[in-house]
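*Asks:* First the structure, which I've put down as structure tokens, then a few questions once you've had a look.
Quick note: the coordinates plus some simple rules give every number you see, no bench work behind them. As the structure is a computational prediction, the values presented were derived from the model and not from experiment. Note: ideal-geometry Cβ built from the backbone for every residue, glycine included; neighbour counts use all protein chains shown.
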Amino acid sequence: MNKSIEEIEDEIVEEFSLFDEWMDKYEYIIELGKNLPSMDENLKTEDRKVSGCQSQVWLNTKSENGKVLFEADSDAIITKGLVGLLVRVLSGQRPEDVINAKLGFIDKIGMKEHLSPNRANGLVAMIKHMKLNASSLINKN
Amino acid sequence: MSHFDVNKIRQDFPILHTSVNGKPLIYFDNAATTQKPTAVIDALVKYYSEINSNVHRGVHSLSEKATNAYEASRKTVQKFINAEKAEEIIFVRGTSEAINLVANSYGQKHIKDNDEIIISTLEHHSNIVPWQMLCERTGAKLKVIPINRDGEIIFGEFEKMISDKTKFISIAYISNSLGTINPVKNIISLARSKNIPVMLDGAQAVQHVKIDVKELDCDFFAFSGHKIYGPTGIGVLYGKESFLNEMPPYQGGGDMIKNVTFERTTYNELPYKFEAGTPNIAGSIGLAAALNYVEDIGIERIAEYEHGLLKYGTEKMMEIEGMRIIGTAKEKASVISFLAGKTHPYDLGTLLDQLGIAVRTGVHCTEPLMKFLKIPGTVRASFAFYNTKEEIDILTNGIKRAISMLI
């Protein structure tokens, strides 16, 4: 059986607990960003773009066997690393669970500041879109 | 002239002795807003502790004190920018409101279908959108002076652009994104010969260069208090009396009226005609304290010291591999906008923040300029007279460290 959202969140929190220094944390996120496969350029359309004026995020949503599948990309590498974490947590989950996800891990790993609207990095909008897309899948079914 | 002692000056700014993310704060976001000296903070505390009251209406002593202080602030501003009369100083919230006031009030009376308004590619959104809105209402057209690769206005294009249709020119004195100092004297003198009014957006200028509105001979000049070490929410619109007198009020409310009946209202005289509602009394007093503080140090000395920082910062930056300074005008204020290799401004700004260094990243409210330059934005380090070369060293080392993490 697939891991639940909470289980994956706990995993991530545990991974980050290994780092004491901010630099190690950011190095890890940058690494995740570099390793996250880039989205097909053809998929980077206006309607898949969740905008923030500082960095841009693209989100593609599919459904398979009653689960939501996400893929995402960003032009900024730190944002891309964080986006990768969100995809890891939410992709492959049931739409209901995506909608109800609290995503407390972002705070726990010390990355809450990136969710501030002030950052305008597209992350907040991305979470909103993930949930909206999940709820529109429920409505379709 | 006594020696410019930056360490002594730094003592005047409490926030410069705080920490961010466990590191001593290095504040290089001065083009967004400047820090406040104790003189300004104390003036605000004193106002609220001792004379807080509404202005222009009470017969009681406190109201008289507050009114006197408010009007004294107006005179301080008048003196600071060398305006002919105190009545030409209108207190507003900031530069944006000042430009909106002129676009609405002057625009409503004088701008018609097919008229043209000239701005430049370098403008902040505050000096674009109010004019666009005016154009939408009236059918006038916005003309934009192009810039060259260094980020300088192409004066020849401006000369060609100006015509019988040109009815207003509104230009930034200094670009907030690139630091370019525009040739405003030449612009004004050409406009003067054609009888076209000129407004200067002085938001980035007033803290860096001596402003003398009489010598400049501009018709309107706007600036924000918080960019010259004063409080937020207070700013100034200077306008020549002849213009302000014949312009209709912008907002209605208390203080701006002479008599009100349900049939008809007559308006107050300058400057009150444009100051509807209870003004930012504390803000004006804080602003006056800031201007006095700057005056005591001397704007020429500030400019000279900041120029030294700009020169040093530019040299140090250029030592970094892959560094690209955006905005290389010959005449520049102490602003360095840059891109480092292939790093995204957001990533660089985030890592610098972890090092306690505050820079601005993004498009700096100049989206059309960034489109023109074909870049997603920049990282901007903007220096004030309380910054030091040592801080610049920490910045350039921080940038090198961030680049090594990101690439």
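*Asks:* What distance in nm separates the simple spin-label points at B:Glu84 and A:Glu64, each placed 7 Å from Cα in the Cβ direction?
*Replies:* Calculated label separation equals 7.6 nm.
*Asks:* What is the local net charge at A:Ile12, summed over the other residues whose Cβ is closer than 13 Å to its Cβ (Lys, Arg +1; Asp, Glu -1)? Could the numbers behind the result be given before it?
*Replies:* On the way: positive: A:Lys3, A:Lys25, A:Arg88, A:Lys108; negative: A:Glu6, A:Glu7, A:Glu9, A:Asp10, A:Glu11, A:Glu14, A:Glu15, A:Asp107.
Every neighbour counted, the sum reads -4.
*Asks:* Under 1.5 on a/c is rounded, so check that first for chain B, then, if it is not, pick prolate when a/b is larger than b/c and oblate when it is not; a ≥ b ≥ c are the square roots of the alpha carbon gyration tensor eigenvalues.
*Replies:* Oblate.
*Asks:* Would you tally the net charge around A:Pro95, using a Cβ to Cβ cut-off of less than 13 Å, leaving A:Pro95 out, and scoring K and R as +1, D and E as -1?
*Replies:* Working: positive: A:Lys62, A:Lys67, A:Arg94, A:Lys131, A:Lys140; negative: A:Glu64, A:Glu96, A:Asp97.
So the surrounding residues net to +2.
*Asks:* Next question. Would you be so kind as to identify which of B:Ser19, B:Val45, B:Leu134 lies farthest towards the positive end of the dipole of chain B, taking Lys and Arg as +1 and Asp and Glu as -1 on Cβ and the Cα centre as origin?
*Replies:* After comparing all options, I get B:Leu134.
*Asks:* Let me ask something else about it. Which listed residue (B:Leu200, B:Ile188, B:Ile228) has the Cα farthest towards the positive end of the charge dipole for the range B:188-251, taking +1 on Lys and Arg C-beta and -1 on Asp and Glu C-beta about the Cα centre?
*Replies:* After comparing all options, I get B:Ile228.
*Asks:* Additional query: Report relative contact order for chain B in percent, whole number only (criteria: Cα-Cα under 8 Å, sequence separation at least 6).
*Replies:* Once normalised by length, the contact order is 23 percent.
*Asks:* Once the Cα gyration tensor of the range B:248-407 is found, what semi-axes does its equivalent ellipsoid get, as square roots of 5 times the eigenvalues, in whole Å, sorted largest first?
*Replies:* Working: eigenvalues 379, 87, 41 Å².
Computed over the range B:248-407, the values are 44, 21, 14 Å.
*Asks:* Taking 25 Å as R0, compute the FRET efficiency from the Cβ-Cβ separation of B:Lys160 and B:Lys185 and round it to 0.05.
*Replies:* The pair B:Lys160/B:Lys185 has a calculated efficiency of 0.80.
*Asks:* Further question: Within a Cβ distance under 14 Å of A:Glu31, other residues only, what is the Lys/Arg minus Asp/Glu net charge? Write out the running numbers ahead of the final one.
*Replies:* On the way: positive: A:Lys25, A:Lys34, A:Lys80, A:Arg88; negative: A:Glu15, A:Asp24, A:Glu27, B:Asp347.
Result for the local shell: 0.
*Asks:* May I pose another question? For the range B:79-180, just the Cα atoms, rotate onto the principal axes and tell me the three extents in Å, largest first.
*Replies:* Cα extents, longest axis first: 39, 34, 23 Å.
*Asks:* Follow-up. Which FRET efficiency, nearest 0.05, do A:Glu113 and B:Asp42 yield, Cβ-Cβ r, R0 35 Å?
*Replies:* Working: r = 32 Å, r/R0 = 0.92.
For A:Glu113 and B:Asp42, the calculated efficiency is 0.60.
*Asks:* Can you tell me which of B:Met199, B:Met256, B:Met323 moves the most in a GNM of chain B? Springs connect C-alpha atoms under 10 Å apart.
*Replies:* Evaluated over chain B, the most mobile residue of the options is B:Met323.
*Asks:* Evaluate peptide B:337-347: per residue, the Cβ atoms of other protein chains within 10 Å of its Cβ; return the mean as an integer. It would help to have the intermediate numbers written out before the result.
*Replies:* Values: counts 0, 0, 0, 0, 0, 1, 2, 11, 3, 16, 14.
Taking all residues of B:337-347 together, the mean is 4.
*Asks:* Then there is this: Across peptide A:17-29, what mean number of C-beta atoms from other chains lies inside 10 Å of a residue's C-beta? Could the numbers behind the result be given before it?
*Replies:* Details: counts 0, 0, 0, 0, 1, 6, 6, 0, 1, 7, 2, 0, 2.
Counting Cβ atoms of other protein chains within 10 Å of each residue's Cβ and averaging gives 2.
*Asks:* Which of A:Val89, A:Val98, A:Val124 moves the most in a Gaussian network model of chain A with Cα springs under 10 Å?
*Replies:* Fluctuation is largest for A:Val124.
*Asks:* Against the globular-protein guess of 2.2 N^0.38 Å, express the Cα radius of gyration of the range B:231-317 as a ratio, rounded to two decimals. Intermediate values should be presented prior to the final figure.
*Replies:* On the way: Rg = 20.0 Å, N = 87, 2.2 N^0.38 = 12.0 Å.
Output field value: 1.66.
*Asks:* State which helices in chain B qualify, where a helix is a whole DSSP H run, it must extend 20 Å or more along its own axis by its Cα atoms, and its mean Kyte-Doolittle hydropathy must be at least 1.0. Working shown, then result.
*Replies:* Numbers: long enough: B:61-81 (30 Å, -0.70); B:95-110 (21 Å, -0.56); B:281-297 (25 Å, 1.12); B:299-318 (28 Å, -0.57); B:389-406 (25 Å, 0.06).
Correct list, ordered by number: B:281-297.
*Asks:* How large are Rg and Dmax for the range A:5-140 when calculated on the C-alpha trace, in angstrom?
*Replies:* 14.2, 46
*Asks:* Connecting C-alpha atoms closer than 10 Å in a GNM of chain B, tell me which of B:Tyr267, B:Tyr27, B:Tyr173 has the biggest fluctuation.
*Replies:* Highest fluctuation among the options: B:Tyr267.
*Asks:* For each of B:Ile228, B:Ile302, count neighbouring Cβ atoms within 10 Å of the residue's Cβ, then give the residues from fewest to most. List each step's numbers first, then the result.
*Replies:* Numbers: B:Ile228 25, B:Ile302 21.
So the residues, fewest neighbours to most, are B:Ile302, B:Ile228.
*Asks:* What number, in percent, do you get for the relative contact order of the range B:162-214 if the mean sequence gap of Cα pairs under 8 Å and at least 6 apart is divided by its residue count? Don't skip to the answer; put the middle values down first.
*Replies:* Details: 51 pairs, mean separation 22.9, N = 53.
That works out to 43 percent.
*Asks:* Return a whole-number percent for the relative contact order of the range B:180-290, with Cα pairs under 8 Å and 6 or more residues apart as the contact set. Walk me through the intermediate numbers first.
*Replies:* On the way: 142 pairs, mean separation 22.5, N = 111.
For the range B:180-290, the relative contact order is 20 percent.
*Asks:* To the nearest 20 debye, what is the magnitude of the charge dipole of the protein assembly as shown about its Cα centre, counting +1 on the Cβ of each Lys and Arg and -1 on the Cβ of each Asp and Glu?
*Replies:* With Lys and Arg at +1 and Asp and Glu at -1, about 960 debye.
*Asks:* In the protein assembly as shown, what is the volume of the convex hull around the alpha carbon atoms, normalised per residue and reported in Å³? Don't jump to the answer; show the numbers that get you there.
*Replies:* On the way: hull volume 107.8 nm³, N = 548.
Given the Cα convex hull of the protein assembly as shown, per-residue volume reads 197 Å³.
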